[in-house]
Amino acid sequence: MKVLNLYACLGGNRLLWDNCEVTAVELDPELARLYQERFPNDTVIVTDAHQYLLDHYKEFDFIWSSPPCPTHSRMRKTNTGEGERKSKATYPDMKLYQEILLLDHFFKGKYCVENVIPFYEPLISAKKRGRHLYWTNFNLPTDLGDRKADNFIHAKRSSLEEFHKINLSTYKGEQRTDKIARNLVDYEAGKTIFDTARGIINKKDTKQTSIFDEL
């Protein structure tokens, strides 16, 4: 099965995927380097995932996309205001919804778009599981099997690295390493979602179900 893993980061979702051919797209060259070290058999491409999806979506059986979440996060609204430690108000990045609409109307395989629970009512209905929202064209199990980290929001980087089985000690990019680790999808949830999609694909059922059908 040919899989496209967009905004791949360190492949938190990808760790337990097996028997598949994965193309991972990541814009940060340092994260792409660490991803390649972690998954040497994957094809890793350093480029804009949003444009890559538009150019190549027809080439894959399953697509996972985790677009950047900060502009949608409830923390963004909480931290917006006056003062030097506050953030300025900004437009939510609508690339999230562009990708959902593209995949739902034009992609013939199965897809999963993942993001945070936003500070607003989602513009397209999603499936809430744990700390995340998922937009898919197949029904998700109610329990994704994702593990619960202790004090996740305030956990130190070392604890998050142990939890996700990653190592950010050699990362030399500009992003905060604790935020990188905190934003990863739990690999057990990634496996459950992937295996569910693969089971449907293996039955040669590529008909899309409505993204509004929720369990």
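Below is a table of values for the structure above.
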{"item": "Footprinting exposure proxy for 65, 125 (fewest neighbouring C-beta atoms within 10 Å first)", "result": "125, 65"}
{"item": "Candidates per chymotrypsin sites (Phe, Trp or Tyr not before Pro) in region 113-143, loop by DSSP, up to 15 other Cβ within 10 Å", "result": "119, 120"}
{"item": "Per-residue Cβ neighbour rank within 10 angstrom, fewest leading, 61, 55", "result": "55, 61"}
{"item": "Hz values of 3J(HN,Hα) by residue in region 166-173 - Karplus curve (6.51, -1.76, 1.60), Gly and Pro given as x", "result": "10, 9, 9, 5, 9, 5, 10, x"}
{"item": "At R0 = 30 Å, FRET efficiency that the Cβ-Cβ distance of residue 125 and residue 201 yields, to 0.05", "result": "0.80"}
{"item": "Ascending count of other beta-carbon atoms within 10 Å, so fewest first, for 46, 185, 3", "result": "46, 3, 185"}
{"item": "Cβ-derived FRET efficiency at R0 30 Å, residue 174 paired with residue 51, nearest 0.05", "result": "0.90"}
{"item": "Prolate/oblate/rounded label for region 1-147 (Cα gyration tensor, a/c 1.5)", "result": "prolate"}
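Throughout, read-outs are computed from the coordinates displayed, never taken from laboratory work. Note that this is a predicted model, so its numbers are computed, not measured. Using ideal geometry, Cβ is built from the backbone for each residue, glycine included, and neighbour counts are taken over all protein chains shown.
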